[in-house]
There are 2 protein chains.
Amino acid sequence: MNIGEAARRSGLPAKTLRYYEDIGLIVPSGRKHNGYRDYSDRDVRLLRFVQRARSLGFSVRQCRELLDLYLDHGRTSADVKRIALERIAEIERKIRELETMKAELAHLAEKCHGDERPDCPILEDLAAFDPAAAEERELV
Amino acid sequence: MNIGEAARRSGLPAKTLRYYEDIGLIVPSGRKHNGYRDYSDRDVRLLRFVQRARSLGFSVRQCRELLDLYLDHGRTSADVKRIALERIAEIERKIRELETMKAELAHLAEKCHGDERPDCPILEDLAAFDPAAAEERELV
DNA sequence: CCTTGACCTTCCGGTAACTGGAAGCTCCAC
DNA sequence: GTGGAGCTTCCAGTTACCGGAAGGTCAAGG
C-alpha cells in the first residue's frame, strides 16, 4: 500500500513514516515501479507498535530497542520489563521536577496581588536569585 | 568582567552566555580593547534572573517577556501573574500527561513476569495497538 | 487526448536551547 | 619566551519531527 494508506492505518503522519525510513527504524518492504514506497501489513503493525510506544513517552531509541525485542523470539520478558521500569523511573523523576517548579511558582503567584501596580513578589524572587546559595541548598 | 567570571557569578555556562547574546536576550554592556566581552554587575543580575526563570521551566521566550516586565517600571503585577499562572497550567497539563503514561506503563509492568521467558504483556500491548479505537476513546 | 487534482518523490530549512569542538588570538606568570 | 588558561568566531550535532518547494504519477472527467 502507498504511504498515505499506511499513515492512515498506523495513525502517524506520512512525514513521520518517511522520517522513520530515513533513520532506519521502519523501512517499507519495497518500492513500486513508480518509486512509491510500498508498505505491507506487517510494516503497518510495526508502525502501530512504534506509535503506541511513542505515546507512552519512549524515545525513538527506546522504540528501536523494544522493536528489536518484539522481533526477537529469543528475548526474555525481563529485558522488556527493565526498559519499562526505566521509563517509569524517568517519568517519576520528571514529575517530581515539575511538582517542585509548580510548588515554587504557586507560592509566588499566591503572594502576587495581580493588580495594576508594578510591585510583584514573582519578579522580586527572580531578581533575588543567588546561584551560590541555591547550590548549597542542593548539596544539603 | 570577563565571560568566565560572569558565568561563575550567574551559575550559567559561558557557552550559554554567548548564546544569550546571539539571540539578543542579554547582551553584555561592552567589549574590551581585546575583543573580550565585558559584563557589568547589572548584566550578571539579569543573567541570574534568567537562570532562575529557566529553572522554573519558563521558555527563553517567556524569560524575555519576564525580563522586559522586570525592566519596565510601568508594568502591572497582573501581567506578571498571568504569565506565572499560564506556566502553572502548562506544568499541570504536562504532569497529567506523565501520570497517564506512568499509570499505563505501571499496569503493564505489573502484569509482566520479568523472567527468562519471551512472553510479555508489555510487548503484546504495544503490538495490539489500534489507532482507530484509540481515537474513539479520545472522542468519548 | 488533455487537463485537473490528489498523491507521491526528494531535498532543504527550521524548530528549542543549547553543547562540543576546531582554529586561532590574548594574557599572565614563571 | 614559553606554557597554559581563557578568550574569540564559526560550524556541526542533538531530538523528533514539520513545512514547503519543485517536480513526477495516476485516475477520472470532459
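The values are calculated or read from the model by the stated rules, or taken from the named source; none is laboratory data. Note that this is a predicted model, so its numbers are computed, not measured. Neighbour counts run over all protein chains shown; Cβ positions are idealised from the backbone, glycine included. When the accessible area is computed, the model is the full protein with side chains, heavy atoms only, and any ligands, DNA or RNA have been set aside. Shrake-Rupley method; radii C 1.70, N 1.55, O 1.52, S 1.80 Å.
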Given a 1.4 angstrom probe, I'd like the percentage of the accessible area of the range B:3-112 that is carbon and sulfur, rounded to a whole number. 48 percent
Expressed in nanometres to one decimal, the distance between label points 7 Å along Cα→Cβ at B:V27 and B:E124 is 6.3 nm
For the range A:1-75, what class follows from the C-alpha gyration tensor (a ≥ b ≥ c being the square roots of its eigenvalues): rounded when a/c is under 1.5, otherwise prolate if a/b is larger than b/c, else oblate? prolate
For the rotation bringing A onto B, which A residue has its Cβ nearest the axis, and at how many Å? A:I95, 3
Everything considered on the Cα gyration tensor (a ≥ b ≥ c; rounded for a/c under 1.5, else prolate if a/b is larger than b/c, else oblate), the range A:1-40 must be described as oblate
How much of the pair distance distribution for the range B:11-140 lies past 20 Å, counting alpha-carbon pairs only, in percent? 65 percent
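Strictly over 27 Å apart at the Cα level, which of A:K94/B:K15; A:K111/B:K94; A:K15/A:K81 would you flag in this model?
A:K15/A:K81
For peptide B:90-103, what's the mean number of Cβ atoms from other chains within 10 Å of each residue's Cβ?
The per-residue average across the peptide is 5.
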Net lengthening on full extension, A:R82/A:V60 (0.36 nm per residue, minus Cα-Cα): 6.2 nm
Quote the relative contact order of chain A in percent (integer), defining contacts as alpha-carbon pairs under 8 Å separated by 6+ residues. 14 percent
Residues of the range B:119-134 losing 40 Å² or more of accessible surface, assembly versus chain alone, probe 1.4 Å, please list them. B:I122, B:L123, B:L126, B:A127, B:F129, B:P131
With r defined as the distance between the Cβ atoms of A:E104 and B:A14 and R0 fixed at 25 Å, what FRET efficiency is calculated, to the nearest 0.05? 0.40
Report the Cα-based extents of the protein assembly as shown along its three principal axes, largest first, to the nearest Å. 63, 43, 38
Once A and B are treated as a pair rather than alone, how much accessible area drops out, both sides summed, in Å² to 100, probe 1.4 Å? 4900 Å²
Choice from A:L56, A:L46, A:L126 showing the highest fluctuation, given a GNM over chain A with Cα pairs closer than 10 Å: A:L126
